[in-house]
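Structure first, commentary second.
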Amino acid sequence: MIDLSSLNENQRAAVLWDRGPLLVLAGPGSGKTRVLTYRIARILEQSTGQHFRVLALTFTNKAAAEMRSRVESLVPGELNRVRLTTFHSYAAELLQQHGSHLGIRPDFQILSTDADREALLDDVILKIQKESAYSLPGHFRAAQLLPVVTQLLEKCVRTDDAEVWLQQRNVENAIPLARVYAAYREALRKTNALDFPSLIAGALELLTQYPILAKHIRKVYKHILVDEFQDTNHSQYRIL
C-alpha cells in the first residue's frame, strides 16, 4: 500500500480522486509533480492485473526520467504499464508507427535546432527566388521568418489557410509569408524531416484524419495525465 502520509489533505484528495477529469491548481514548488507521480502510482496499485496503460506527458526528458524513477520506487514492477514521456517524443512515436498515412517514412530526421531549421528555410527562400516568377521581399531571411513559421505550425494552420490567417491578423507581407510557409512544409516532406513544431502538427493531423487511431489510443490509455498543463500550446492542447 502506497504511503500517503507525507502528503497534505489537498494533495491526498488529488491523488485519490476517481470521479472524472481533475485539474490541480497550485503555485510553484507546492508539489504538483509529486502529486501527479503519486496519482500514477495509486492508479497502478489499485488496478493490478488489468491491462490498460497510463499515459503521462511532460515537457522535458529530465522531468520524464525523474517521474519514471519515482513511480518505480513507489510501485516496483509496474512501470511497464506507464508511458511517461514528453509531448514531442510521443508525437514522434505516433508518426513512426502510423505516419505512412501522411507520407512520412518511419526513418524521418528530426531538425532539433533552430540552426538546422534556418538552414532549410534559407534553402526554401533561395529556391522560391530562383525558380518562381513571384519575387519575395528582399529583406526576407530565415532567422526573421522562423518565428512566424513556428507560430503557424503551433496554431495548426493548414498551408491552404495560411494567407487568410495572416491577413486576418494584419501581418505584413501575408501573401509571401504564406508562400514560404507552404514551401517550408513541402521541403520537410520531401526530405522526410520534421522539426519539433511539425512533430506535434503531424501527430494532430494523424489523429484528426484517422479517428480510429485516436479511439484505439483512448482504449489503451484509460488515464492520461499532464505535468505543467498550463504550458501546453494550442496544438498540444488539441492533441489532448
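The values are calculated or read from the model by the stated rules, or taken from the named source; none is laboratory data. Everything numeric here is computed off the predicted structure, so don't read it as measured data. No Cβ is skipped: glycine too gets one built from the backbone with ideal geometry, and neighbour counts run over all protein chains shown. Accessible surface is based on the protein model in full, side chains and every heavy atom, while ligands, DNA and RNA are left aside. Shrake-Rupley method; radii C 1.70, N 1.55, O 1.52, S 1.80 Å.
What to note about this one:
- Local net charge near residue 79, Cβ-Cβ under 13 Å (Lys/Arg +1, Asp/Glu -1): +2
- Considered as an equivalent ellipsoid built on the Cα gyration tensor, the stretch 140-185 has semi-axes of 14, 12, 10 Å, the largest given first.
- Listed residue (121, 192, 173) projecting farthest to the positive dipole end of the chain, Cβ model: 192
- D by Stokes-Einstein for the stretch 133-237, Kirkwood Rh over Cα pairs, 10 °C, 1.306 mPa s: 102 µm²/s.
- Antiparallel DSSP beta bridges within the chain, as percent of all bridges there, nearest 5: 0
- Helical content of the chain, expressed as a calculated mean residue ellipticity at 222 nm, amounts to -17000 deg cm²/dmol (DSSP H runs of 4 or more residues, -39,500 (n - 2.57) each, divided by residue number, nearest 500).
- Sorted peptide list for 108-119, 145-156, criterion being average Cβ within 10 angstrom, highest first: 145-156, 108-119
- Calculated Rg and Dmax of the chain using C-alpha coordinates, Å: 21.2, 71
- Hull-based mean projected area of the stretch 190-240, where the convex hull spans the alpha carbons, in square nanometres: 4.4
- Full-stretch length increase - residue 160, residue 112 - with 0.36 nm per residue and alpha-carbon distance subtracted: 14.7 nm
- Surface share of carbon and sulfur [accessible, 1.4 angstrom probe, percent] for the chain: 51
- Cα lying deepest toward the dipole's positive end in the stretch 1-142, options 77, 57, 10, charges on Cβ: 10
- Per residue solvent-accessible surface (Å²) - the chain, probe of 1.4 Å: 56
- Extending 7 Å from Cα along the Cβ direction at residue 122 and again at residue 143 yields two label points whose distance is 1.0 nm.
- 3J(HN,Hα) from dihedral phi, the stretch 172-177, Karplus parametrisation 6.51/-1.76/1.60, rounded to Hz, x for glycine, proline: 5, 6, 4, 5, x, 5
- Relative contact order for the stretch 67-146, counting Cα pairs under 8 Å that sit 6 or more residues apart, in percent: 17
- Comparing mean-square fluctuations of 183, 203, 92 from a GNM of the chain with C-alpha springs under 10 Å, the top value falls on 183.
- Gaussian network model of the chain, springs between alpha carbon atoms under 10 Å - residue of 104, 43, 212 with greatest fluctuation: 212
- When the alpha-carbon atoms of the stretch 86-164 are used, the pair Rg, Dmax equals 14.9, 43 angstrom.
- Given +1 at the Cβ of Lys and Arg, -1 at the Cβ of Asp and Glu and no other charges, the dipole of the chain around its Cα centre is 680 debye to the nearest 20.
- Under the criterion of Cα pairs below 8 Å and six or more residues apart, the relative contact order for the chain equals 26 percent.
- In degrees, nearest ten, helix 87-98 long axis to first principal axis of the chain (Cα): 70
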